[in-house]
Amino acid sequence: MGSRGLDLLALPEDCIANVLSLSGPRDTCRLSVISSLFRSAAESDAVWQKHLPPDYRSIIARSTDPYMLTRFSSLKDLYFSLCDNPILIDDAKLSFSLDKSTGKKCYMVSARNLVIVWGDTPWYWKWTSEPECRFGGVAELVQVCWLEIRGKICASLLSPATLYSAYLVFKSATETYVFDYGPLEVSMGLAGAESPTRSVYLDARRGRRQRYQTGRGRIGLVSRKFMSGMKMQAPVPVVESDGGMQMQAPGPVVESDGPYPRERKDGWLEIELGEFYNKEGEEGEIEMSVLEIKDGNWKGGLIVQGIEIRPKEGK
């Protein structure tokens with residue numbers, strides 16, 4: 001070390017690889033652009049062995065393709081495959097993947113592995129296939145007045161010291177009226193313990209309607225019922241195509257009375273059910289629930305792929 005400090009590029013490659021293995025996957029990829037030496041170290045199996053879960057081999061051995069390890073020339077390729085292409089494990093009851101930025105474990109519990117009240121009664125639910133579904137089948141709600149879906153996963157399967165969220169992954173059928181009702185009561189927590197509940201809506205369209213209502217002069221088109229309890233924004237200046245400017249009324253801002261679904265990259269919708277901090281050495285099962293058992297109205301048109309459990313974004 002001289003007066004100018006430590007020259008990182010003078011370090012041996014195995015030393016750099018050791019440093020990278022102690023960082024996260026995201027930092028490894030960022031640091032790989034420093035130099036050809038860093039790039040070579042960032043490609044090594046020694047680094048990506050640390051970024052993969054300690055039990056990744058035993059998890060893959062439980063998959064429908066237990067020989068998939070032989071198809072990858074490096075552990076880095078395996079890592080990113082597990083991030084982008086979830087694998088089915090435990091007789092396709094679960095899917096397994098990795099969070100790309102952290103390498104922490106993600107799972108989806110298939111609809112077949114959920115407890116769905118009246119799920120095996122064709123009058124109420126039917127089992128069908130659906131494009132872009134990870135599993136062999138999905139549960140489609142025909143009609144029920146009592147909606148109850150529950151799922152469980154062992155806490156020991158998840159990455160320790162990690163805040164997780166659970167999401168119902170679903171679509172709506174062409175003919176649907178489940179979204180006319182709500183809210184639903186959802187929760188996530190240790191089985192057998194009291195878990196916090198919250199209200200959500202499955203109607204993505206309703207969520208969009210609750211956002212800003214833009215457009216010139218549209219306030220008068222909003223019904224009295226829709227206007228109730230809303231705040232008004234100041235007019236917004238709009239630049240016209242000829243360079244002039246006039247004031248545009250943006251419409252009312254509606255106070256949202258509950259969370260709404262968002263669209264996933266795979267085209268499905270998801271709604272968050274709750275969150276759970278998985279402590280180091282946590283035991284027991286984590287239970288997730290989706291309930292609408294109070295209003296007695298008939299509901300239908302819901303297509304359930306499963307419940308996904310993944311690290312809380314930004315945590």
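Of the residues making up segment 155-171, those that are within 16 Å of the chain's Cα centre (by Cα) and of a type outside the set (S, T, N, Q) number 9. The residues of segment 301-315 that are small (Gly, Ala, Ser) and modelled with pLDDT of 90 or more amount to a single one, Gly306.
A quick yes/no check of all residues on (1) in a helix (DSSP H, G or I); (2) buried (at least 16 other Cβ atoms within 10 Å of the Cβ):
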residue	(1), (2)
Arg26	yes, no
Leu69	yes, no
Ser73	no, no
Leu78	yes, yes
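Residue selection: Arg112 fails the criterion of being crowded, with 19+ Cβ neighbours inside 10 Å, closer than 25 Å to Pro311 by Cβ and either touching a Gly at 6+ places or on another chain (Cβ under 7 Å) or modelled with pLDDT under 95 (or both).
The residue that is farthest from the chain's Cα centre (by Cα), among those in segment 138-154 that are of a type in the set (A, V, I, L, M) and in a strand (DSSP E or B), is Val144. In the set Gly220, Gly244, Gly258, only one residue is under 23 Å from Ser165 (Cα atoms) and at pLDDT below 85; that residue is Gly258.
Which residue out of Lys104, Lys100 is open to solvent by 40 Å² or more (accessible area, probe 1.4 Å), closer than 25 Å to Asn278 by Cα and in contact with a helix residue (DSSP H, G or I) (Cβ under 8 Å, 6 or more places away or on another chain)? Result of the check over Lys104, Lys100: Lys100. Listed by position, the strands (runs of 3 or more DSSP E) contained in segment 155-206 that have at least 1 residues being under 20 Å from Ile293 (Cα atoms) and at pLDDT below 90 are 162-172.
When segment 115-131 is filtered for residues that are polar (S, T, N, Q) and modelled with pLDDT under 95, the ones remaining, listed by number, are Thr128, Ser129.
The values are calculated or read from the model by the stated rules, or taken from the named source; none is laboratory data. As the structure is a prediction and not an experimental result, all values here were calculated from the model. Heads up, the Cβs are rebuilt from the backbone with ideal geometry, glycines too, and the neighbour counts pull from every protein chain shown. Just so you know, the surface numbers come from the protein's heavy atoms only, side chains and all, with ligands and any DNA or RNA stripped out. Shrake-Rupley method; radii C 1.70, N 1.55, O 1.52, S 1.80 Å.
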